1. Could you list, in sequence order, all residues of segment 1-28 that are modelled with pLDDT of 95 or more and either part of a helix (DSSP H, G or I) or touching a Pro at 6+ places or on another chain (Cβ under 9 Å) (or both)?
2. Would you please list the contacts, defined by Cβ atoms under 7 Å and residues six or more apart or on different chains, that run from a residue in segment 245-257 that is over 21 Å from Q192 (Cβ atoms) and assigned by TED's automatic domain parsing to the domain that holds M283 to a residue that is in a helix (DSSP H, G or I) and at pLDDT below 95?
3. Scan segment 125-136 and give yes if some residue there is crowded, with 24+ Cβ neighbours inside 10 Å and touching a helix residue (DSSP H, G or I) at 6+ places or on another chain (Cβ under 6 Å), otherwise no.
4. Just checking, which of K288, K335, K281 is within 29 Å of the chain's Cα centre (by Cα), surrounded by fewer than 13 Cβ atoms within 10 Å (Cβ to Cβ) and assigned by TED's automatic domain parsing to the domain that holds N232?
5. So is G71 under 25 Å from I439 (Cβ atoms), part of a loop (DSSP other than H, G, I, E, B) and of a type outside the set (A, V, I, L, M, F, W, C) or not?
6. Can you find, within segment 322-332, the residue that is nearest to V222 (Cα to Cα) among those that are surrounded by fewer than 22 Cβ atoms within 10 Å (Cβ to Cβ) and touching a residue at least 24 places away in the same chain (Cβ under 8 Å)?
7. Looking only at segment 213-257, which residues are farther than 30 Å from P269 by Cβ and in a loop (DSSP other than H, G, I, E, B)?
8. As an exercise: evaluate L81 against (1) buried (at least 23 other Cβ atoms within 10 Å of the Cβ); (2) part of a loop (DSSP other than H, G, I, E, B) and give the number of the one condition it does not meet.
Amino acid sequence: MCLLCFFPWALYGQDPLFFSQSLIQIDTTNPPGNEIEAASQIQTWLKEEGIESDIIESSPGRGNLIARLKGNNSGPSLALLGHLDVVAAQALEWDFPPFGGFMEDNFLYGRGALDMKGMVAMELSAFIRAKKDNLPLKGDLVLILVADEETGGALGAGYLVQNHWDKIRAQYLLNEGSIGVLKEGMHLYPIQIAEKGVAWMKLTAKGTSGHGSMPHKDNAVVHLTRALQTLNQHEFPIVPTQTVKNLFTLMAPHLPFPKNWVARYFFHPLIGPLLQRFAKKYMTGDEKIAAILSNTLSPTVLQAGYKTNVIPSEAIAEIDARIVPGETPEGFLKKIQAIIGDKVNAELLTTSLPNESTMASPFYETIRRALTEMDPQAIVTPMMSSGATDSRFFREKGTLCYGIIPLLIAMEDIQGMHGKNERVPVDGLKKGTDTLYRIIQLINE
(Lines give C-alpha, C1' and ligand atoms only; values in the text may rest on other atoms or scores of the structure.)
Protein backbone atom coordinates (compact mmCIF):
# COMPACT_ATOMS: atom_id res chain seq x y z
CA MET A 1 0.00 0.00 0.00
CA CYS A 2 1.35 3.44 -0.90
CA LEU A 3 0.58 6.22 1.59
CA LEU A 4 1.84 9.00 -0.68
CA CYS A 5 -1.22 11.17 -0.28
CA PHE A 6 -1.00 11.17 3.53
CA PHE A 7 2.38 12.90 3.77
CA PRO A 8 2.83 16.67 3.40
CA TRP A 9 6.42 16.27 2.19
CA ALA A 10 4.95 14.47 -0.81
CA LEU A 11 3.99 17.93 -2.08
CA TYR A 12 7.51 17.91 -3.47
CA GLY A 13 6.23 15.14 -5.70
CA GLN A 14 8.68 12.69 -4.17
CA ASP A 15 7.81 10.45 -1.25
CA PRO A 16 10.64 8.42 0.32
CA LEU A 17 8.11 5.82 1.44
CA PHE A 18 6.93 5.31 -2.15
CA PHE A 19 10.54 5.08 -3.36
CA SER A 20 11.49 2.64 -0.59
CA GLN A 21 8.48 0.43 -1.15
CA SER A 22 8.97 0.38 -4.91
CA LEU A 23 12.68 -0.42 -4.69
CA ILE A 24 12.13 -3.21 -2.16
CA GLN A 25 9.73 -4.80 -4.65
CA ILE A 26 12.54 -5.00 -7.21
CA ASP A 27 14.54 -8.10 -6.28
CA THR A 28 18.23 -7.19 -6.54
CA THR A 29 19.59 -10.09 -4.50
CA ASN A 30 23.34 -10.32 -5.07
CA PRO A 31 24.27 -12.65 -6.63
CA PRO A 32 23.16 -12.21 -9.34
CA GLY A 33 22.32 -8.57 -8.56
CA ASN A 34 20.41 -7.43 -11.64
CA GLU A 35 20.62 -3.89 -10.29
CA ILE A 36 19.86 -2.54 -13.78
CA GLU A 37 16.13 -2.87 -13.03
CA ALA A 38 16.35 -0.64 -9.96
CA ALA A 39 18.69 1.80 -11.72
CA SER A 40 16.34 2.07 -14.70
CA GLN A 41 13.35 2.75 -12.45
CA ILE A 42 15.25 5.50 -10.63
CA GLN A 43 16.33 6.97 -13.96
CA THR A 44 12.66 7.18 -14.93
CA TRP A 45 11.78 8.97 -11.70
CA LEU A 46 14.63 11.43 -12.21
CA LYS A 47 13.63 12.09 -15.82
CA GLU A 48 10.10 12.93 -14.65
CA GLU A 49 11.70 15.70 -12.58
CA GLY A 50 13.81 16.98 -15.46
CA ILE A 51 17.05 15.46 -14.16
CA GLU A 52 19.36 13.68 -16.56
CA SER A 53 21.28 10.62 -15.38
CA ASP A 54 23.66 8.01 -16.75
CA ILE A 55 23.51 4.26 -16.20
CA ILE A 56 26.83 2.48 -16.54
CA GLU A 57 26.84 -1.31 -16.67
CA SER A 58 30.03 -2.86 -15.36
CA SER A 59 28.77 -6.15 -16.80
CA PRO A 60 25.38 -7.16 -18.23
CA GLY A 61 22.66 -6.38 -15.73
CA ARG A 62 24.97 -4.70 -13.19
CA GLY A 63 23.67 -1.14 -13.41
CA ASN A 64 25.26 1.89 -11.72
CA LEU A 65 23.44 5.23 -11.85
CA ILE A 66 25.01 8.70 -11.71
CA ALA A 67 23.20 12.05 -11.65
CA ARG A 68 24.69 15.49 -11.03
CA LEU A 69 23.26 18.90 -10.14
CA LYS A 70 25.78 21.57 -11.04
CA GLY A 71 27.03 24.11 -8.52
CA ASN A 72 28.85 27.39 -9.08
CA ASN A 73 32.23 25.99 -7.97
CA SER A 74 32.48 28.29 -4.95
CA GLY A 75 32.27 25.45 -2.42
CA PRO A 76 32.84 21.73 -1.91
CA SER A 77 31.01 19.14 -4.00
CA LEU A 78 28.96 16.51 -2.19
CA ALA A 79 28.21 12.95 -3.31
CA LEU A 80 25.31 10.91 -1.93
CA LEU A 81 26.32 7.26 -2.27
CA GLY A 82 24.08 4.22 -2.01
CA HIS A 83 24.00 0.63 -3.21
CA LEU A 84 21.11 -1.02 -5.00
CA ASP A 85 21.91 -4.68 -4.32
CA VAL A 86 20.77 -6.64 -1.28
CA VAL A 87 21.72 -9.89 0.40
CA ALA A 88 19.59 -13.00 0.03
CA ALA A 89 16.47 -13.48 2.15
CA GLN A 90 15.10 -16.82 3.34
CA ALA A 91 11.39 -16.20 2.75
CA LEU A 92 10.24 -19.01 5.06
CA GLU A 93 11.89 -17.28 8.03
CA TRP A 94 10.04 -14.00 7.45
CA ASP A 95 6.62 -12.90 8.69
CA PHE A 96 6.16 -10.97 5.43
CA PRO A 97 7.33 -11.64 1.86
CA PRO A 98 10.83 -10.11 1.83
CA PHE A 99 10.25 -8.43 -1.55
CA GLY A 100 6.65 -7.42 -0.93
CA GLY A 101 7.15 -4.01 0.66
CA PHE A 102 4.43 -4.67 3.23
CA MET A 103 3.56 -2.24 6.02
CA GLU A 104 2.39 -2.92 9.56
CA ASP A 105 2.36 -0.80 12.74
CA ASN A 106 4.13 2.12 11.01
CA PHE A 107 6.98 -0.07 9.76
CA LEU A 108 7.89 -0.92 6.18
CA TYR A 109 9.15 -4.50 5.87
CA GLY A 110 11.41 -5.88 3.19
CA ARG A 111 14.91 -6.88 2.22
CA GLY A 112 16.87 -3.66 1.87
CA ALA A 113 14.57 -1.56 4.07
CA LEU A 114 17.63 -0.63 6.14
CA ASP A 115 20.48 -1.95 4.02
CA MET A 116 20.07 0.16 2.06
CA LYS A 117 17.11 0.91 -0.15
CA GLY A 118 15.53 3.04 2.56
CA MET A 119 18.64 5.23 2.58
CA VAL A 120 18.71 5.27 -1.25
CA ALA A 121 15.09 6.48 -1.19
CA MET A 122 15.97 9.26 1.26
CA GLU A 123 18.99 10.31 -0.81
CA LEU A 124 16.90 10.30 -3.98
CA SER A 125 14.15 12.35 -2.31
CA ALA A 126 16.61 14.92 -0.95
CA PHE A 127 18.38 15.12 -4.31
CA ILE A 128 15.12 15.78 -6.20
CA ARG A 129 14.04 18.25 -3.53
CA ALA A 130 17.23 20.26 -4.08
CA LYS A 131 16.37 20.41 -7.77
CA LYS A 132 12.73 21.38 -7.24
CA ASP A 133 13.66 24.04 -4.67
CA ASN A 134 16.28 25.49 -7.01
CA LEU A 135 18.64 25.30 -4.05
CA PRO A 136 21.70 27.46 -4.73
CA LEU A 137 24.61 25.02 -4.84
CA LYS A 138 28.16 26.16 -4.23
CA GLY A 139 29.50 22.80 -5.30
CA ASP A 140 28.04 19.99 -7.41
CA LEU A 141 25.57 17.61 -5.79
CA VAL A 142 26.12 14.09 -7.10
CA LEU A 143 23.88 11.05 -6.70
CA ILE A 144 25.78 7.76 -7.06
CA LEU A 145 23.77 4.53 -6.79
CA VAL A 146 25.84 1.44 -7.36
CA ALA A 147 25.73 -2.31 -7.84
CA ASP A 148 27.60 -5.08 -6.06
CA GLU A 149 28.35 -3.60 -2.62
CA GLU A 150 27.24 -6.76 -0.85
CA THR A 151 29.89 -8.91 -2.56
CA GLY A 152 32.80 -6.49 -2.45
CA GLY A 153 31.95 -3.66 -4.83
CA ALA A 154 34.21 -4.64 -7.74
CA LEU A 155 31.31 -4.22 -10.19
CA GLY A 156 29.94 -1.14 -8.47
CA ALA A 157 31.81 1.60 -6.64
CA GLY A 158 35.16 -0.03 -7.33
CA TYR A 159 34.43 -0.12 -11.05
CA LEU A 160 33.30 3.50 -11.16
CA VAL A 161 36.28 4.78 -9.18
CA GLN A 162 38.68 2.91 -11.43
CA ASN A 163 37.04 3.62 -14.79
CA HIS A 164 34.79 6.69 -14.45
CA TRP A 165 36.31 8.85 -11.75
CA ASP A 166 35.61 12.03 -13.70
CA LYS A 167 31.87 11.30 -13.52
CA ILE A 168 31.73 10.69 -9.76
CA ARG A 169 34.48 12.92 -8.37
CA ALA A 170 33.46 14.84 -5.23
CA GLN A 171 35.25 16.39 -2.25
CA TYR A 172 32.71 15.16 0.31
CA LEU A 173 30.77 11.89 0.33
CA LEU A 174 27.92 10.67 2.53
CA ASN A 175 27.22 6.94 2.67
CA GLU A 176 25.95 4.17 4.92
CA GLY A 177 28.20 2.70 7.60
CA SER A 178 26.24 3.50 10.74
CA ILE A 179 22.72 4.28 11.93
CA GLY A 180 21.13 6.08 14.85
CA VAL A 181 20.11 3.76 17.69
CA LEU A 182 18.19 3.93 20.94
CA LYS A 183 20.72 2.56 23.43
CA GLU A 184 20.44 2.68 27.22
CA GLY A 185 18.15 5.69 27.00
CA MET A 186 20.47 7.52 24.63
CA HIS A 187 19.68 8.76 21.14
CA LEU A 188 23.05 7.71 19.80
CA TYR A 189 24.11 8.76 16.30
CA PRO A 190 27.57 7.33 15.54
CA ILE A 191 29.09 8.76 12.37
CA GLN A 192 31.30 6.25 10.61
CA ILE A 193 34.65 7.91 9.96
CA ALA A 194 36.71 4.71 9.75
CA GLU A 195 36.27 1.06 8.93
CA LYS A 196 38.18 -2.10 9.60
CA GLY A 197 40.01 -3.81 6.78
CA VAL A 198 39.12 -7.18 5.30
CA ALA A 199 41.35 -10.24 5.41
CA TRP A 200 39.21 -13.17 4.33
CA MET A 201 41.24 -16.38 4.46
CA LYS A 202 41.11 -20.01 3.48
CA LEU A 203 42.53 -22.59 5.86
CA THR A 204 43.52 -25.90 4.28
CA ALA A 205 44.44 -29.00 6.23
CA LYS A 206 46.04 -32.00 4.52
CA GLY A 207 45.99 -35.55 5.82
CA THR A 208 45.98 -39.20 4.86
CA SER A 209 42.84 -40.60 3.35
CA GLY A 210 41.51 -43.96 4.44
CA HIS A 211 38.57 -46.05 5.51
CA GLY A 212 36.42 -44.54 8.26
CA SER A 213 36.43 -47.82 10.16
CA MET A 214 40.20 -47.56 10.70
CA PRO A 215 41.01 -44.26 12.50
CA HIS A 216 44.51 -42.80 12.34
CA LYS A 217 46.31 -39.71 13.62
CA ASP A 218 46.79 -37.89 10.30
CA ASN A 219 43.15 -36.84 9.82
CA ALA A 220 42.68 -33.59 7.89
CA VAL A 221 39.32 -32.91 9.56
CA VAL A 222 40.87 -33.23 13.00
CA HIS A 223 43.81 -30.97 12.04
CA LEU A 224 41.40 -28.32 10.79
CA THR A 225 39.03 -28.43 13.75
CA ARG A 226 41.98 -28.15 16.17
CA ALA A 227 43.22 -25.10 14.28
CA LEU A 228 39.77 -23.51 14.41
CA GLN A 229 39.46 -24.23 18.11
CA THR A 230 42.86 -22.65 18.71
CA LEU A 231 41.77 -19.53 16.83
CA ASN A 232 38.47 -19.43 18.71
CA GLN A 233 40.29 -19.47 22.05
CA HIS A 234 42.89 -16.90 21.01
CA GLU A 235 42.34 -13.43 22.46
CA PHE A 236 43.59 -10.68 20.18
CA PRO A 237 44.90 -7.63 22.04
CA ILE A 238 42.90 -4.41 22.29
CA VAL A 239 44.19 -1.74 19.91
CA PRO A 240 43.67 1.87 21.09
CA THR A 241 42.64 3.52 17.82
CA GLN A 242 41.94 7.24 18.00
CA THR A 243 38.44 6.81 16.61
CA VAL A 244 37.42 4.41 19.38
CA LYS A 245 39.09 6.63 21.99
CA ASN A 246 36.95 9.56 20.81
CA LEU A 247 33.84 7.36 20.78
CA PHE A 248 34.35 6.32 24.41
CA THR A 249 35.14 9.87 25.53
CA LEU A 250 31.96 11.29 24.01
CA MET A 251 29.76 8.43 25.20
CA ALA A 252 31.06 8.32 28.78
CA PRO A 253 29.06 11.26 30.25
CA HIS A 254 25.81 9.63 29.13
CA LEU A 255 26.42 6.10 30.44
CA PRO A 256 25.35 4.79 33.85
CA PHE A 257 27.89 3.92 36.53
CA PRO A 258 30.21 2.01 36.31
CA LYS A 259 30.18 1.99 32.51
CA ASN A 260 30.74 5.74 32.39
CA TRP A 261 33.85 5.44 34.55
CA VAL A 262 35.21 2.48 32.58
CA ALA A 263 34.62 4.24 29.26
CA ARG A 264 36.28 7.44 30.47
CA TYR A 265 39.46 5.71 31.62
CA PHE A 266 39.54 2.64 29.35
CA PHE A 267 42.54 3.94 27.43
CA HIS A 268 44.18 5.87 30.27
CA PRO A 269 47.94 5.22 30.19
CA LEU A 270 48.07 4.21 33.87
CA ILE A 271 44.78 2.54 34.79
CA GLY A 272 43.65 1.67 31.26
CA PRO A 273 45.54 -1.65 31.15
CA LEU A 274 43.91 -2.70 34.42
CA LEU A 275 40.45 -1.80 33.17
CA GLN A 276 41.06 -3.63 29.91
CA ARG A 277 42.00 -6.72 31.90
CA PHE A 278 39.48 -6.70 34.74
CA ALA A 279 36.57 -4.48 33.60
CA LYS A 280 36.54 -5.19 29.87
CA LYS A 281 33.15 -6.90 30.17
CA TYR A 282 31.45 -3.52 30.62
CA MET A 283 32.52 -2.48 27.13
CA THR A 284 32.74 -5.79 25.28
CA GLY A 285 29.29 -6.95 26.39
CA ASP A 286 28.09 -5.04 23.34
CA GLU A 287 29.26 -7.13 20.39
CA LYS A 288 29.37 -4.06 18.14
CA ILE A 289 31.79 -2.35 20.53
CA ALA A 290 33.80 -5.54 21.04
CA ALA A 291 34.22 -5.91 17.28
CA ILE A 292 36.04 -2.58 16.88
CA LEU A 293 38.44 -2.94 19.81
CA SER A 294 40.73 -5.49 18.17
CA ASN A 295 41.35 -7.68 15.17
CA THR A 296 38.61 -10.31 14.89
CA LEU A 297 37.77 -13.44 12.96
CA SER A 298 34.79 -15.71 12.46
CA PRO A 299 34.82 -19.16 10.79
CA THR A 300 32.05 -19.09 8.19
CA VAL A 301 32.52 -21.97 5.71
CA LEU A 302 33.53 -25.63 6.20
CA GLN A 303 34.20 -28.21 3.49
CA ALA A 304 35.43 -31.76 3.99
CA GLY A 305 34.67 -35.24 2.84
CA TYR A 306 32.15 -36.74 0.46
CA LYS A 307 31.14 -40.01 2.14
CA THR A 308 30.59 -41.02 5.75
CA ASN A 309 32.96 -43.99 5.69
CA VAL A 310 35.83 -42.24 3.88
CA ILE A 311 38.45 -40.21 5.75
CA PRO A 312 39.16 -37.22 3.45
CA SER A 313 42.68 -36.15 2.57
CA GLU A 314 41.74 -32.47 2.73
CA ALA A 315 39.56 -30.20 4.85
CA ILE A 316 38.94 -26.52 4.17
CA ALA A 317 37.57 -23.65 6.20
CA GLU A 318 37.02 -20.02 5.31
CA ILE A 319 37.25 -17.30 7.91
CA ASP A 320 36.08 -13.71 7.87
CA ALA A 321 38.87 -11.71 9.50
CA ARG A 322 38.61 -7.94 10.07
CA ILE A 323 41.63 -5.85 10.95
CA VAL A 324 42.02 -2.52 12.73
CA PRO A 325 43.93 0.51 11.41
CA GLY A 326 47.67 -0.11 11.57
CA GLU A 327 47.31 -3.76 10.55
CA THR A 328 47.68 -5.17 7.03
CA PRO A 329 46.08 -8.31 5.59
CA GLU A 330 49.52 -9.78 4.87
CA GLY A 331 50.75 -9.05 8.38
CA PHE A 332 47.64 -10.55 9.95
CA LEU A 333 47.98 -13.65 7.77
CA LYS A 334 51.42 -14.25 9.25
CA LYS A 335 49.99 -13.94 12.76
CA ILE A 336 47.24 -16.44 11.98
CA GLN A 337 49.73 -18.91 10.51
CA ALA A 338 51.88 -18.66 13.64
CA ILE A 339 48.85 -19.30 15.86
CA ILE A 340 47.57 -22.39 14.03
CA GLY A 341 50.95 -23.99 13.31
CA ASP A 342 52.17 -25.85 10.25
CA LYS A 343 49.52 -28.58 10.08
CA VAL A 344 47.14 -26.13 8.41
CA ASN A 345 47.98 -23.65 5.66
CA ALA A 346 46.40 -20.17 5.64
CA GLU A 347 46.04 -18.04 2.53
CA LEU A 348 44.29 -14.76 1.73
CA LEU A 349 41.13 -14.72 -0.37
CA THR A 350 39.86 -11.14 -0.34
CA THR A 351 41.51 -8.12 1.21
CA SER A 352 41.10 -4.43 1.82
CA LEU A 353 43.05 -2.05 4.00
CA PRO A 354 41.55 -0.33 7.03
CA ASN A 355 40.65 3.25 6.09
CA GLU A 356 39.80 6.44 7.92
CA SER A 357 38.67 10.04 7.46
CA THR A 358 39.46 12.74 10.01
CA MET A 359 36.60 14.00 12.17
CA ALA A 360 38.25 17.44 12.34
CA SER A 361 36.43 18.89 9.35
CA PRO A 362 33.59 21.30 8.55
CA PHE A 363 31.76 18.39 6.90
CA TYR A 364 31.68 16.36 10.11
CA GLU A 365 30.45 19.41 12.01
CA THR A 366 27.75 19.95 9.37
CA ILE A 367 26.42 16.41 9.81
CA ARG A 368 26.56 16.76 13.61
CA ARG A 369 24.64 20.04 13.45
CA ALA A 370 21.95 18.64 11.15
CA LEU A 371 21.44 15.60 13.39
CA THR A 372 21.12 17.68 16.55
CA GLU A 373 18.73 20.11 14.87
CA MET A 374 16.47 17.24 13.87
CA ASP A 375 16.82 15.45 17.22
CA PRO A 376 17.70 17.71 20.19
CA GLN A 377 18.49 14.59 22.24
CA ALA A 378 21.06 13.40 19.70
CA ILE A 379 24.44 12.28 21.01
CA VAL A 380 26.76 12.38 18.01
CA THR A 381 30.03 10.48 18.10
CA PRO A 382 32.62 9.23 15.63
CA MET A 383 32.83 5.49 15.15
CA MET A 384 34.67 2.78 13.29
CA SER A 385 32.57 0.13 11.56
CA SER A 386 33.57 -3.50 11.78
CA GLY A 387 32.31 -4.13 8.26
CA ALA A 388 33.56 -2.69 4.99
CA THR A 389 31.60 -0.19 2.87
CA ASP A 390 32.04 1.36 -0.55
CA SER A 391 33.50 4.45 1.14
CA ARG A 392 36.89 2.76 1.08
CA PHE A 393 37.18 3.17 -2.70
CA PHE A 394 36.61 6.91 -2.41
CA ARG A 395 38.90 7.38 0.60
CA GLU A 396 41.72 5.94 -1.50
CA LYS A 397 41.16 8.89 -3.84
CA GLY A 398 41.28 11.43 -1.03
CA THR A 399 37.52 12.02 -0.72
CA LEU A 400 36.35 12.91 2.79
CA CYS A 401 33.80 10.19 3.56
CA TYR A 402 31.36 9.81 6.42
CA GLY A 403 28.68 7.22 6.92
CA ILE A 404 25.37 7.37 8.72
CA ILE A 405 21.80 6.43 7.89
CA PRO A 406 19.98 9.31 9.63
CA LEU A 407 17.31 7.20 11.30
CA LEU A 408 16.73 6.36 14.96
CA ILE A 409 15.88 2.69 15.47
CA ALA A 410 15.74 0.22 18.34
CA MET A 411 18.77 -2.00 18.87
CA GLU A 412 16.78 -5.12 18.04
CA ASP A 413 15.92 -3.76 14.61
CA ILE A 414 19.60 -3.77 13.67
CA GLN A 415 19.38 -7.56 13.58
CA GLY A 416 17.14 -7.25 10.55
CA MET A 417 20.08 -6.12 8.45
CA HIS A 418 21.09 -9.35 6.66
CA GLY A 419 18.56 -11.11 8.92
CA LYS A 420 14.84 -11.76 8.91
CA ASN A 421 12.00 -9.22 9.05
CA GLU A 422 14.18 -6.28 8.07
CA ARG A 423 12.15 -3.13 8.58
CA VAL A 424 12.34 0.65 8.66
CA PRO A 425 10.09 3.08 10.58
CA VAL A 426 7.87 4.97 8.14
CA ASP A 427 8.11 8.27 10.00
CA GLY A 428 11.88 7.83 10.06
CA LEU A 429 12.00 7.96 6.26
CA LYS A 430 10.55 11.48 6.30
CA LYS A 431 12.78 12.63 9.14
CA GLY A 432 15.84 11.06 7.51
CA THR A 433 15.07 12.82 4.23
CA ASP A 434 14.73 16.13 6.04
CA THR A 435 18.06 15.53 7.77
CA LEU A 436 19.84 14.76 4.49
CA TYR A 437 18.33 17.84 2.91
CA ARG A 438 19.45 19.94 5.87
CA ILE A 439 23.01 18.65 5.41
CA ILE A 440 22.86 19.72 1.75
CA GLN A 441 21.55 23.15 2.77
CA LEU A 442 24.23 23.69 5.41
CA ILE A 443 27.07 22.73 3.09
CA ASN A 444 25.82 25.32 0.61
CA GLU A 445 25.23 28.21 3.03
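The values are calculated or read from the model by the stated rules, or taken from the named source; none is laboratory data. This is a predicted model, so every value here is computed, not measured. Heads up, the Cβs are rebuilt from the backbone with ideal geometry, glycines too, and the neighbour counts pull from every protein chain shown.
1. Passing the criteria: P16, L17, F18, F19, S20, Q21, S22, L23, I24, D27.
2. P253/N260
3. yes
4. Exactly one residue qualifies, and that residue is K281.
5. So G71 fits the description; yes.
6. Per the criteria, the residue is P329.
7. Within segment 213-257, S213, M214, P215, H216, K217, D218, N219 qualify.
8. (2)
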